[in-house]
Amino acid sequence: MQKKRIINVPSGNIFDIRYLFTILASIDSVGGVIVNNSQTDEYFKNSVNEYNNRKDDKYGFSHKSKEVNVDTIKHIVYELKYLELIKREEKQILLTKSGKEVTSLIRNKNALELKKIFTQLMLSKYIIFDYFLRKMKQFNNGIPIPIITSEIFDKYSGNLNEIIKNYIKAINTVCHMPILKTDILDELLEDYNEIKLEQRTEKIKKLQTIIERYVVSSLFFPKIKSRRTYDFVRARTTFLGLTNFANFNYDGFIVELLYPIFGFENNFKHTFIIIDMLDYQLFINSPLFEEIKNEFRKIDYQFC
């Protein structure tokens with residue numbers, strides 16, 4: 001029997017898993033079968049854009065979500081097919097048996113079971129998620145992404161060497177993890193020094209991009225080498241309840257800290273979900289916020 005292909009990362013970098021829910025619900029609403037043509041693409045596109053509008057209104061976002069296009073829809077449909085939640089037959093798109101089970105959960109608003117199923121799918125179908133979680137557990141105090149503020153930039157006169165050196169000192173003090181990769185650092189320093197920018201804002205933005213690449217490449221090489229891919233995996237693992245993130249202040253150095261709320265062993269006071277994989281289990285924590293604050297205070301974080 002031929003082993004099924006497992007790919008590294010979903011196509012199209014669809015950050016919001018609820019886009020998948022939305023398309024499945026749209027197919028379910030017309031009886032579980034729909035013609036595969038350009039009109040259906042438009043129908044799916046409108047469904048996702050309506051979902052985004054509802055989300056923006058619900059949370060009062062000042063910046064409206066960018067409208068998705070048909071190319072995005074094709075990526076979503078491809079992913080649903082790869083996850084075996086839909087199939088194509090005779091110019092039609094149909095829900096599979098698994099797809100019907102998922103749409104039943106969507107109709108009944110069973111968020112817990114949906115998260116369990118999609119966690120299993122992400123981990124079993126895409127290499128990057130298992131890789132990411134195992135890397136996360138190596139850095140159990142969290143993944144810190146430096147945020148270059150104007151105060152830090154001015155303090156070190158925009159000198160990347162000094163900014164990185166002091167950020168790394170702060171990160172290693174708090175997170176206890178050596179992350180320096182000399183070859184990556186040399187390459188990025190060269191990149192920054194060759195850029196001729198006049199505006200202070202442009203310099204800070206460029207510096208932010210470089211230091212993000214530096215940290216992500218150092219921690220997640222070779223599977224994750226860009227902030228975009230990191231954000232994609234972070235968004236999905238956070239939605240699924242495996243990770244969470246917040247901004248912290250350490251002696252004036254601001255970091256966006258992604259921290260794990262899952263384990264490969266059940267060592268939590270408040271285990272929320274148990275995910276059964278083929279050869280291991282995942283245990284997802286549901287701590288009270290005060291417990292999280294107390295844990296991070298032990299390692300001298302300050303909440304922003």
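For the stretch 81-125, which positions are outside any helix (DSSP H, G or I) and either without any contact (Cβ under 8 Å) to a residue 40 or more places away in the chain or in the same structural domain as Gln281 (by TED's automatic domain parsing) (or both)?
The initial filter retains those residues of the stretch 81-125 that are outside any helix (DSSP H, G or I), namely 83-96, 108-110.
Answer for the stretch 81-125, where residues must be outside any helix (DSSP H, G or I) and either without any contact (Cβ under 8 Å) to a residue 40 or more places away in the chain or in the same structural domain as Gln281 (by TED's automatic domain parsing) (or both): Glu84, Lys87, Glu89, Glu90, Thr96, Asn108, Lys109, Asn110.
So, of the residues in the stretch 210-225 that are part of a helix (DSSP H, G or I) and of a type in the set (A, V, I, L, M), which turns out to be nearest to the chain's Cα centre (by Cα)? Give the derivation first.
First pass over the stretch 210-225, keeping only residues part of a helix (DSSP H, G or I): 210-220.
Within this subset, residues satisfying the condition of being of a type in the set (A, V, I, L, M) are 210-211, 215-216, 219.
Working: Ile210: 19, Ile211: 19, Val215: 16, Val216: 13, Leu219: 15 Å.
Selected residue: Val216.
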Inset, instruction - Quickly run through the stretch 226-258 and pick out the residues that are touching a Ser or Thr at 6+ places or on another chain (Cβ under 9 Å), of a type in the set (S, T, N, Q) and more than 14 Å from Ile143 (Cα to Cα). - result: Ser226
Inset, instruction - For the stretch 49-60, indicate whether the set of residues that are at pLDDT below 90, over 21 Å from Glu90 (Cβ atoms) and acidic (Asp, Glu) is non-empty. - result: yes
Inset, instruction - Would you please list the contacts, defined by Cβ atoms under 9 Å and residues six or more apart or on different chains, that run from a residue in the stretch 64-78 that is over 13 Å from Asp16 (Cα atoms) to a residue that is charged (D, E, K, R) and assigned to a helix (DSSP H, G or I)? - result: Lys64/Asp56; Glu67/Lys45; Asn69/Lys45; Val70/Asp41; Val70/Glu42; Val70/Lys45; Lys74/Asp41; Val77/Asp41
Inset, instruction - Considering every residue within the stretch 144-151, establish whether at least one is under 22 Å from the mean Cα position of the chain (by Cα), in a helix (DSSP H, G or I) and closer than 30 Å to Ile164 by Cβ. - result: no
Inset, instruction - Consider Lys137 carefully, then state whether it is under 23 Å from Thr237 (Cα atoms), surrounded by fewer than 14 Cβ atoms within 10 Å (Cβ to Cβ) and assigned by TED's automatic domain parsing to the domain that holds Thr238. - result: yes
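The values are calculated or read from the model by the stated rules, or taken from the named source; none is laboratory data. Computed from a predicted model, the values in this text were never measured in an experiment. In this analysis, Cβ positions are derived from the backbone assuming ideal geometry, glycine residues included, and neighbour counts consider all displayed protein chains.
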